[in-house]
Structures are given as C-alpha cells and as structure tokens.
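The values are calculated or read from the model by the stated rules, or taken from the named source; none is laboratory data. Model, not experiment: these values are computed from the prediction. Note that each Cβ is placed from the backbone with ideal geometry, even for glycine, and that neighbours are counted across all protein chains shown. Side chains are part of the model used for accessible areas, which takes the heavy atoms of the whole protein and leaves out ligands, DNA and RNA. Shrake-Rupley method; radii C 1.70, N 1.55, O 1.52, S 1.80 Å.
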Number of protein chains: 4
Amino acid sequence: MGNLNKIQVSVIGAGTCSDDIASLAYEVGRHLALNDCILLCGGLGGVMEHAAKGARDNNGQTIGILPGFDISDANPYIDIAVPTGISHARNIVVVRSGMACIAVEGSYGTLSEIAIALELKKPVIGLNTWDISPDIIKAANPEDAVKKAIEQIKNRF
Amino acid sequence: MGNLNKIQVSVIGAGTCSDDIASLAYEVGRHLALNDCILLCGGLGGVMEHAAKGARDNNGQTIGILPGFDISDANPYIDIAVPTGISHARNIVVVRSGMACIAVEGSYGTLSEIAIALELKKPVIGLNTWDISPDIIKAANPEDAVKKAIEQIKNRF
Amino acid sequence: MGNLNKIQVSVIGAGTCSDDIASLAYEVGRHLALNDCILLCGGLGGVMEHAAKGARDNNGQTIGILPGFDISDANPYIDIAVPTGISHARNIVVVRSGMACIAVEGSYGTLSEIAIALELKKPVIGLNTWDISPDIIKAANPEDAVKKAIEQIKNRF
Amino acid sequence: MGNLNKIQVSVIGAGTCSDDIASLAYEVGRHLALNDCILLCGGLGGVMEHAAKGARDNNGQTIGILPGFDISDANPYIDIAVPTGISHARNIVVVRSGMACIAVEGSYGTLSEIAIALELKKPVIGLNTWDISPDIIKAANPEDAVKKAIEQIKNRF
C-alpha cells in the first residue's frame with residue numbers, strides 16, 4: 001500500500017444496468033465503506049453510480065476517474081473527479097488505481113478492464129461477470145466480494 | 001477510410017509465441033502486404049514481430065505503436081515507430097488505428113484489445129484466439145483472415 | 001463544479017526544489033486546506049510533496065496523479081494515489097482535474113502543464129513561475145494564490 | 001534510430017495559421033521529403049496540413065497522430081492515420097515519435113509540445129516560434145530547419 005493510509009478498491013461494471021445489478025453494485029459500495037476502503041470507479045452511471053451511492057450513503061469516499069473532459073460528467077455520488085480526457089484508455093487507469101478490482105457483471109468495456117487487471121496480475125473479484133479465466137476470484141455476494149478483495153490486498157501489499 | 005489511400009489493418013497478439021503461431025502471424029502479414037494493406041501492430045516481439053516480417057518480406061509497410069519511450073524498442077521489421085510512452089493504454093491506440101483488427105491467439109493483453117475493439121464496434125477477425133463472443137469473426141487461416149478483414153472494411157467505410 | 005462538494009485545485013511544480021520554493025509550496029498546500037479545497041498534484045517529490053505536506057498538516061486532503069505504475073510511488077503526504085501509467089501524459093490529467101492550477105516555479109514539465117492549462121482556458125495562478133503570457137494570473141504570495149484560484153473558480157463554475 | 005531505415009521528424013504548430021506561416025510549413029514538409037525523412041504531425045489543419053502537403057507533393061510520406069477517434073479526422077495529405085483517442089495527451093506522442101521536432105510558430109498547444117520536447121531532451125528546431133529557452137535551436141528558414149534537425153539526429157542517434 002506504499003504510504004497510503006487506506007485501501008483503494010476499484011469497482012468496474014457497465015454504464016447502464018438492471019435493478020438487480022444496481023443492487024449488487026450498491027451493496028459492494030456499502031461494504032467497501034463499512035470496511036473503510038476508498039472506492040474508485042469510472043465515475044459515470046450504472047454500476048459505477050450505484051456502487052458510489054452505496055459507499056456515500058455509508059460515509060465512504062468515492063473517486064471517479066472519468067473518460068471525458070469535464071468534472072461535471074461525474075455521477076452525483078462522486079466526491080473527487082479525475083477527468084482524464086483519454087477516453088477508453090482511462091479504463092486502464094481505473095484498474096491500476098485499485099489495489100484490487102471488483103467486477104460487477106459488465107459488457108465488453110468491463111471485459112477489457114478485467115483482461116488488463118489479469119495482465120497486470122492485479123486481484124480481480126468477480127460478481128456475475130465474465131467467466132473467462134480461473135484467475136478471476138468468484139464471490140458469492142457483495143459482502144464476500146469486499147472480504148475477498150481486502151484479503152487479497154493484505155496478502156499482496 | 002476518410003482521405004487515406006490505403007487500408008490499415010491492426011494485427012494483435014502476444015509478445016512471445018510458439019513456432020506455429022509465429023507462422024500464422026507471418027502469413028497474416030504476408031497476405032496483408034499482398035493486398036496492399038498497411039500493417040499496424042504493437043511493434044514488439046512474438047506475433048507482432050512475425051506479422052511485421054511477413055509484411056516486410058513482401059514489400060508491405062509496417063507501423064509499430066509502442067508502449068514505451070524509445071523508437072529503438074521496435075522490432076527489426078517496423079518501418080515507422082510511434083513510441084507512445086503510455087504503456088498498456090497504447091493497446092487502445094493500436095485497436096483504434098486499424099480499420100479492422102486481426103487477433104492471432106494471444107493472452108490477457110490481446111483479450112483486452114479484442115474487448116476494446118468489440119466495444120468500439122470495430123471488426124475483429126479471430127485466428128486461434130479467445131472465443132468469448134459471436135461478434136468475433138472466425139477465420140479458417142491467415143489468407144481467410146485478411147480477406148474477411150478487407151471485406152468488413154469495404155462494407156463499413 | 002458539477003456535483004462535487006469541494007473545490008479541487010491542482011498544484012504544479014518541479015520534482016525537486018530549493019528550500020525557499022519548498023516553503024512556498026507548503027504554504028500553498030496549507031492555505032488550500034484552510035479553505036477546505038482538495039489538493040491535486042503529480043504525487044511525486046519537490047513542489048508536489050511540500051504542497052501535499054502543507055495540506056495534510058492542516059487536515060486537507062491530497063490526491064496524487066502519478067506518471068508511473070505503482071501506488072507506492074506517491075510521496076508520504078498523499079491520501080489517494082492514481083497511478084496512471086501514462087508517463088508525461090499524466091501532466092494533462094493533473095491539469096484537467098483541477099478547477100484551477102497554481103504553478104509554483106517549475107521547469108519544462110511545469111511549463112508544459114501551464115501551456116496545456118492555458119490552451120484549455122483553465123485559470124492558471126503563477127507563483128515565481130514562467131512569465132510567458134498575460135493569461136497567467138500572478139500571485140503575490142501563497143495565500144494570495146489560493147484566494148485568486150478560488151475567486152476564478154467561483155466566477156467560472 | 002534503432003532498426004528504422006528512415007529518419008522521423010515531427011512538425012508541430014497550430015491548427016489554423018496565416019498564409020505566410022502556411023508557406024513556411026509547406027516548405028518544411030517539402031524539405032523533409034527531399035531529404036527522405038518521414039514527416040509526423042498531429043494530422044489536423046493549419047501548420048500540420050500545409051507541412052503534410054509539402055511532403056506529399058514531393059513524394060514524402062506523412063503520418064498523422066490524431067487527438068480524436070476517427071481516421072477520417074486526418075487532413076487530405078496524411079498517408080497513415082493514428083487516431084489515439086487521448087485528446088491533448090496525443091501531443092506527447094507526436095513529440096516522442098519524432099527523432100527531432102520542428103516547431104513552426106504556434107500557440108499554447110505548440111508551447112506545450114515544445115516544453116515536453118525540451119523536458120525529454122529531444123532536439124527542438126524553432127521557426128518563428130516561442131522564444132522561451134536557449135535550448136530551442138533557431139532556424140533561419142525551412143531548409144535550414146530541416147538541415148539542423150537532421151544534423152541533431154545524426155549526432156544523437
């Protein structure tokens with residue numbers, strides 16, 4: 001963890017999602033906050049927004065690493081916005097900035113993030129997501145996902 | 001194709017590979033050159049190097065979009081080097097710069113490129129590669145891969 | 001300011017500096033914290049480190065947007081690290097992430113950040129820095145720099 | 001020059017320019033082509049377009065490293081387009097990809113490129129451009145600029 005005081009976890013997932021997936025994302029955010037972890041995400045809607053809301057509602061802190069140019073692109077539950085202006089390349093920054101990544105469902109964009117995380121040998125915890133490798137650590141539910149992310153981080157850092 | 005005179009095709013694949021995969025990559029490069037296409041790739045070893053050699057040996061032109069800082073990182077079959085200095089984020093530049101992508105086998109890095117290409121609705125032709133979506137157009141062999149890439153480009157641009 | 005609750009200000013300057021410049025940077029960080037602003041910077045040494053220390057010593061929050069790959073590259077006064085892995089291209093992310101930039105002295109790297117900020121029509125407050133344009137708002141001292149940054153932001157957002 | 005067969009020179013300058021500056025840019029492109037150098041630039045209008053035209057009209061080859069997403073953003077004199085999708089961060093890729101940079105006039109965007117080039121200790125040849133450092137090598141005219149760029153490259157690579 002270097003000099004940092006708090007664990008940073010990235011939540012990755014699509015910009016639009018069903019109510020069921022929104023609930024999963026919210027619970028991931030909630031459990032990250034309850035465990036005093038900082039939540040990083042892509043800062044937009046869908047999984048990113050619901051996870052951020054779950055963290056915010058529980059006094060957690062949220063960072064949005066945005067693809068575009070404007071701080072105002074961030075969803076309403078982001079505390080600190082980092083508008084990268086580098087479009088899809090910001091996916092890689094989201095992955096790098098988490099000590100572990102929790103993937104919640106997701107489409108091709110999320111798959112690209114999972115693949116980069118595995119390439120970088122970063123722990124990836126999966127919830128209802130792409131089943132493309134045994135290197136993805138499957139979680140039974142959001143609480144389990146957060147527990148496994150923290151365990152992985154404590155083992156590695 | 002905008003104002004460009006020639007078709008640009010990106011070849012994606014791992015930085016190390018078996019002899020069999022090297023042959024496939026070489027043949028992809030050869031057929032791109034025979035069809036007067038410009039080959040773009042990540043500029044390093046393995047699939048990138050063998051594809052570039054196949055193009056060069058047949059009077060094709062090759063562009064290497066490098067992750068690092070130095071022009072001298074390019075393999076010996078690259079004509080023009082673009083050292084981006086943006087590390088894995090250059091994968092996305094490789095994908096964007098091809099009017100289509102041909103994926104030859106590949107590990108997680110290649111998977112991230114395939115996923116980004118699909119996210120961007122760019123044609124992806126697969127040779128012995130990740131079988132993660134029906135959106136990947138499977139090719140029977142290198143000649144077929146190049147033929148399908150050109151067909152896709154002519155239909156879309 | 002979009003949905004954000006706090007003002008974000010980027011402090012830019014060189015990775016090594018004299019004691020006098022370190023004091024200026026520290027005071028900029030201190031006044032940002034006293035005004036409840038979040039400090040963003042490049043996360044490394046010199047001006048970045050002293051500004052972050054000034055903020056931290058006064059209960060401010062600090063974000064380090066790093067050029068490299070590792071969270072552990074951050075100086076000891078960074079609360080949240082964003083390792084971009086995009087090298088000098090991260091300068092642009094630092095500039096974009098501030099609602100205003102305060103430049104403290106600086107060499108060519110800082111000049112590139114000032115130039116990008118002016119190109120993006122972002123307010124740039126200068127303290128002992130490059131005198132290359134009337135568009136740079138000169139500050140008499142760190143307190144004045146922070147005051148002018150906040151004024152600019154309130155006028156523009 | 002690593003494995004490359006040809007010298008790569010980046011021409012940097014604004015996206016709009018006067019007729020006089022357009023002539024200077026055209027002549028820079030022409031002399032690069034006459035010296036068998038590959039011209040790289042940002043691929044858009046103004047200095048970039050006139051330099052590319054000067055090279056193309058003299059059988060030179062031109063590479064456009066674009067800020068946006070589309071190959072079709074390239075001006076009509078670009079042979080190979082690299083749409084980076086990373087916005088202003090592509091300025092740094094343009095600088096890195098030249099073994100030397102020739103700056104023709106230019107506003108803040110060009111200044112940011114000059115500053116990055118100097119930071120990277122890359123030779124910068126200046127024609128009617130920002131006079132911010134003795135490290136910029138002044139050229140008397142386009143022919144002289146190309147001559148000085150080639151000399152610098154031969155001394156360093």
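Checked against the criterion of being open to solvent by 20 Å² or more (accessible area, probe 1.4 Å) and not hydroxyl-bearing (Ser, Thr, Tyr), the candidates C:92, C:102, C:137, C:116 yield just one match: C:137. Annotation: residue C:43 fulfils all but one of (1) small (Gly, Ala, Ser); (2) touching an Asp or Glu at 6+ places or on another chain (Cβ under 8 Å); (3) in contact (Cβ under 8 Å) with a residue 60 or more places away in the chain; the unmet one is (3).
Which ones in the range D:134-147 are closer than 22 Å to residue D:22 by Cβ and either more than 12 Å from chain C (Cβ to nearest Cβ) or small (Gly, Ala, Ser) (or both)? D:138, D:139, D:140, D:141, D:142, D:143, D:144, D:145, D:146, D:147 - these are the residues of the range D:134-147 that are closer than 22 Å to residue D:22 by Cβ and either more than 12 Å from chain C (Cβ to nearest Cβ) or small (Gly, Ala, Ser) (or both). Would you call residue B:126 closer than 30 Å to residue D:37 by Cβ and either buried (at least 22 other Cβ atoms within 10 Å of the Cβ) or facing another protein chain (nearest Cβ under 9 Å) (or both)? No; evaluated as a whole, the condition is false for this residue. If we keep just the residues of the range D:1-40 that are within 14 Å of chain B (Cβ to nearest Cβ) and of a type in the set (Val, Ile, Thr), which is nearest to residue D:59 (Cα to Cα)? Among them, the one singled out is D:38. Residues of the range B:13-39 that are surrounded by 22 or more Cβ atoms within 10 Å (Cβ to Cβ) and assigned to a loop (DSSP other than H, G, I, E, B): B:17, B:37. Restricting to the range C:120-157, what's the tally of residues that are in a strand (DSSP E or B) and either among the charged types (D, E, K, R) or in contact with a helix residue (DSSP H, G or I) (Cβ under 7 Å, 6 or more places away or on another chain) (or both)? Residues flagged as in a strand (DSSP E or B) and either among the charged types (D, E, K, R) or in contact with a helix residue (DSSP H, G or I) (Cβ under 7 Å, 6 or more places away or on another chain) (or both) within the range C:120-157 amount to 5. Residues that are of a type outside the set (A, V, I, L, M, F, W, C) and in contact with a strand residue (DSSP E or B) (Cβ under 8 Å, 6 or more places away or on another chain) within the range D:132-157 comprise D:135, D:138, D:141, D:142, D:148, D:152, listed in sequence order. Take the conditions β-branched (Val, Ile, Thr), closer than 29 Å to residue B:83 by Cβ and surrounded by fewer than 23 Cβ atoms within 10 Å (Cβ to Cβ) and apply them to residue C:84. Does it pass? In short, no.
A count restricted to the range B:46-73 and to residues that are at pLDDT 95 or above, assigned to a loop (DSSP other than H, G, I, E, B) and either closer than 18 Å to residue D:1 by Cα or basic (Lys, Arg) (or both) stands at 4. Checked against (1) farther than 23 Å from residue C:119 by Cβ; (2) within 11 Å of chain B (Cβ to nearest Cβ), residue D:55 meets all criteria but (2).
Residue by residue, here is whether (1) surrounded by fewer than 20 Cβ atoms within 10 Å (Cβ to Cβ); (2) closer than 30 Å to residue C:75 by Cβ holds:
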| position | (1), (2) |
| --- | --- |
| A:11 | no, yes |
| A:41 | no, yes |
| A:50 | no, no |
| A:54 | no, no |
| A:63 | no, yes |
| A:69 | yes, yes |
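Of everything listed in (1) more than 26 Å from residue A:69 (Cα to Cα); (2) among the β-branched types (Val, Ile, Thr); (3) more than 9 Å from chain B (Cβ to nearest Cβ); (4) touching a Ser or Thr at 6+ places or on another chain (Cβ under 9 Å), the single unmet condition for residue D:150 is (4). Taking every residue in the range B:139-153 that is among the β-branched types (Val, Ile, Thr) and pairing it with any residue that is in a helix (DSSP H, G or I) and open to solvent by less than 20 Å² (accessible area, probe 1.4 Å), at least 6 positions away or on another chain, the pairs with Cβ-Cβ distances below 6 Å are B:146/B:32. Taking the listed residues D:73, D:131, the one that is surrounded by fewer than 24 Cβ atoms within 10 Å (Cβ to Cβ) and within 12 Å of chain B (Cβ to nearest Cβ) is D:73, with no other qualifying.
Within the option set A:117, A:89, being within 10 Å of chain C (Cβ to nearest Cβ), among the aliphatic types (A, V, I, L, M), part of a helix (DSSP H, G or I) and within 29 Å of residue D:87 (Cβ to Cβ) holds for one residue only, A:89.
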